[in-house]
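One structure is given below, encoded as structure tokens.
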């Protein structure tokens, strides 16, 4: 038998304290205390160590058997901080698969682009920017999604993030880097004396989105290298044709209205969305056949 | 060495740590059995069954969210299991028990022989009878508050009711208990 009552039945003061906390008036406390103190008279049954051991013997076979990996995943999933850490770790893992050459070549393209555009005459500016922006998309696509050629889908399917989530993470990283570089280019040109910052930015950003969207869509059917080459190549052909037509005064792309540029960018975003949505359905075809 | 918290132990149990389970059971077995014993009106075999079922539930359901206060969660499982059991038992049996408890109280009130009274006081029979007459939600709140020292917030989390409702349950429950114990108390005072 447990002979020592615990708080608040262990003393009149503690009982009064508990009653005050539950908003009893001093009169009520005085009235209730004697009756409540008597509660200590009803003792709970005492337990022997053997009782607890018997219960434990019954419970031990029911203990979950979870692998350390699953335990870590569950622990992370259950905490908000863990979720954020998980997202950051996924992003870090995706950054690590991009080779240093991607970061350096992209940056070098932008520096060279800035130098060439600043040296060239005003009419060629836009044409060069329209060629440089999609080139970054080309580089980004073949770097971030080169795993398709290496048949890594099976590994991705075994990971906690889905392949689509991984693809989104890569797109965000690559496009984020490209757009950041592009903005630096626009700023450099603006500082170099070019007037219209918005027009400059749109002239490389919108084709970049279009080529990235087209490349990713085509990669569902073709290898990533081929898809990116077709997307960028088509764009270059279009640019070349248009630049030839500039001489005759029938150019379509130079100059182009701002609204049309925006439509081009939206089309690129739509293609990116379609590619991501179709990725799940295309998976069985992308898996290696034994 | 600092003692590991219930929450830390439960996280370890979910990962399959047998030592953590042993520590958790040793810490709570006796107290939980006491709670269930009083909640079901002093029926020890039933309390033991429910206690075991509570721990089994704890391991099988795996619904514990890491970081959540462990004690209210454990007692909530126990309370729900006891509630389910009482609901599933025949209503007439419950009524009969209530009638028996009322009879018991009446006997203490009308025929308080000194030896009988002393024995009853020692065994806490009249307390058990008075608590048995309270409805389940008042009884659970009173048990958690006065026998287990739960804070008002912990009671709210255990019984899944707002804090205001806990205060109301405790206020009404203590007054009813006072009224039920009053005849016995007065009888004892007269002698």
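Just so you know, all these numbers are worked out from the coordinates, no wet-lab data involved. If you're wondering where the values come from, they're calculated on a predicted model, not measured in any experiment. Cβ sites come from the backbone with ideal geometry, for glycine too, and all protein chains shown count toward neighbours.
Packing, taken as the mean count of other beta carbons within 10 Å per residue, orders the peptides A:8-21, B:44-57 from highest to lowest as B:44-57, A:8-21.
Compared with the direct C-alpha span, the chain from residue A:25 to residue A:260 gains 76.9 nm at full extension, assuming 0.36 nm per residue.
List B:37, B:75 from most exposed to least, where exposure is judged by having the fewest other Cβ atoms within 10 Å. Mind showing how you got there, number by number?
Values: B:37 23, B:75 27.
Ranked by crowding around the Cβ, least crowded first: B:37, B:75.
Please label the shape of the range A:12-60 as rounded, prolate or oblate, based on the square roots a ≥ b ≥ c of the eigenvalues of the alpha-carbon gyration tensor (a/c under 1.5 means rounded; beyond that, a/b larger than b/c means prolate, else oblate). Cα axes put the range A:12-60 in the prolate bin. Plainly put, the range A:83-286 has a radius of gyration that is 1.00 times its Kirkwood radius, both from alpha-carbon atoms, as the Rg/Rh ratio. In this calculation the C-beta distance from residue A:48 to residue A:6 is compared with R0 = 22 Å, giving a FRET efficiency of 0.60. Straightening the chain between residue B:26 and residue B:88 buys 19.3 nm, computed as 0.36 nm per residue apart minus the Cα-Cα spacing. If R0 equals 60 Å, the separation of the Cβ atoms of residue A:93 and residue A:245 corresponds to a calculated FRET efficiency of about 0.80.
Note: the range A:162-230, Cα convex hull, 84 Å³ per residue. As a calculated quantity, the FRET efficiency between residue A:152 and residue A:273 at R0 = 25 Å, using C-beta atoms, amounts to about 0.60. Take each residue of peptide A:55-65, count the partner chain Cβ atoms within 10 Å of its Cβ, and average: the result is 6. Taken over the range B:1-89, the alpha-carbon convex hull comes to 95 cubic angstrom per residue.
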